[in-house]
1. All other residues with a Cβ under 14 Å from the Cβ of Pro111 taken together, and with Lys, Arg as +1 and Asp, Glu as -1, what is their net charge?
2. Could you work out the relative contact order of the stretch 62-129, using alpha carbon pairs under 8 angstrom and six or more residues apart, expressed as a whole percent?
3. With each run of n ≥ 4 DSSP H residues scored as -39500 (n - 2.57), what mean residue ellipticity at 222 nm is computed for the chain after dividing by its residue count and rounding to the nearest 500 deg cm²/dmol?
4. Sum up the charges of everything whose Cβ sits under 13 Å from the Cβ of Pro153, counting Lys and Arg as +1 and Asp and Glu as -1, but leave Pro153 out.
5. Per 0.36 nm of contour for each residue apart, how much would the distance between Leu46 and Thr278 grow if the chain were fully extended, relative to their Cα-Cα spacing?
6. When the distances between all Cα atoms of the stretch 119-233 are binned every 10 Å from zero, what whole-number percent does each bin get?
7. Which value results for Rg/Rh of the stretch 214-291 when Rg is the Cα radius of gyration and Rh the Kirkwood radius based on the inverse mean 1/r?
8. Note the full-extension length gain between Lys175 and Ser36 as 0.36 nm times their separation in residues minus their Cα-Cα distance, in nm to one decimal.
Amino acid sequence: MKGLYKFVMLGALLVALFVLGACSPGAPAAPASVASAIPEITIKALDFSYTVPTQIQSGLVTINMVNDGKEPHQAQMARLNDGVTMDQLMTTLQKGPETAALALITLAGGPNTVSAGKNQKVTLNLTAGNYVLLCFVSGDDNVPHLAKGMIAPLQVAAAPPSAAGAPPASMAEPKSDGTITLKDFAIAVPSDIKPGAHIFKVSNDGPEPHEMTLFKLTEGKTEADFNAFLQSQTPSGPPPFEPAGGIVGLNPGASGWVHLDLTPGTYIALCFIPSPATGKSHVESGMITAFAVK
């Protein structure tokens, strides 16, 4: 679809100290865990590759994707299901359909689409395993960026054992300004969103994978302009919107936190992920909502 992008936190530092249970009389007290802030890593999105660490630690992590390319990009994080190899995933992606590849991976979220020079942060709770970063965005040539090489492996290693006698370091979830709920097939956003920096918890309460792709309408444009552009097979002129980030695909039951710095205007939230049952994108089933920031 020409001109439209297909598929397309800082954590709160509140932590708790844990102490081991009662000791025998006279025994020295076991050490308490050390409070830990949520670590942050930076991913650079280029045309058409990622600069990304080869390994990160499991648990809560904030991922900041900086778009250093000239085209819009995203970073879908997906855990390879146990027994699935990278070669197997690549072969399935090349042969299609996209729903076949979804059966091989667990969608773990990630920064959604932003324009060149912009960035998007999300906080995720990652389990150990082999992951891959993917960009499903297509430009005017309708070729997904992953087909141009925008795919990168990432190992998420289990957290190392703590010091002898101490429980693992604890991390509190980010403090959110509200919850955005994804379900089959709707997106529920908090009411009365004000301009400024926000952290929203995004939860997939549906039985299918979902994402939240966010667009901001160009000044003077309407929802009708957006829908007309979305439905047109040969849209003319520039898009009546610009990418505004969001969080990419989450498997059913999964959650993540999206960091947004919102300016006044009208935003459109939608999901482009195809349904495994029908192959149709969720937006075609009505998974789209508009909201005002004012």
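1. Around Pro111, the charge tally is -1.
2. Values: 105 pairs, mean separation 35.8, N = 68.
Relative contact order, the stretch 62-129: 53 percent.
3. Working: 3 runs with 24 residues, N = 294.
Calculated at 222 nm, the ellipticity per residue is -2000 deg cm²/dmol.
4. Numbers: positive: Arg79; negative: Asp87.
Overall, the nearby charge balance is 0.
5. Numbers: separation 232, 0.36 × 232 = 83.52 nm, distance 3.29 nm.
Once the chain is fully extended between Leu46 and Thr278, it gains 80.2 nm.
6. Answer for the stretch 119-233: a P(r) of 9, 24, 37, 21, 7, 2, 0 percent.
7. On the way: Rg = 13.7 Å, Rh = 13.9 Å.
Ratio of gyration radius to Kirkwood radius: 0.98.
8. Values: separation 139, 0.36 × 139 = 50.04 nm, distance 1.50 nm.
So the extension gain works out to 48.5 nm.
Since every read-out is calculated from the coordinates, none of them should be taken as a lab result. Given the structure is predicted, the values throughout are model-derived calculations rather than measurements. Cβ sites come from the backbone with ideal geometry, for glycine too, and all protein chains shown count toward neighbours.
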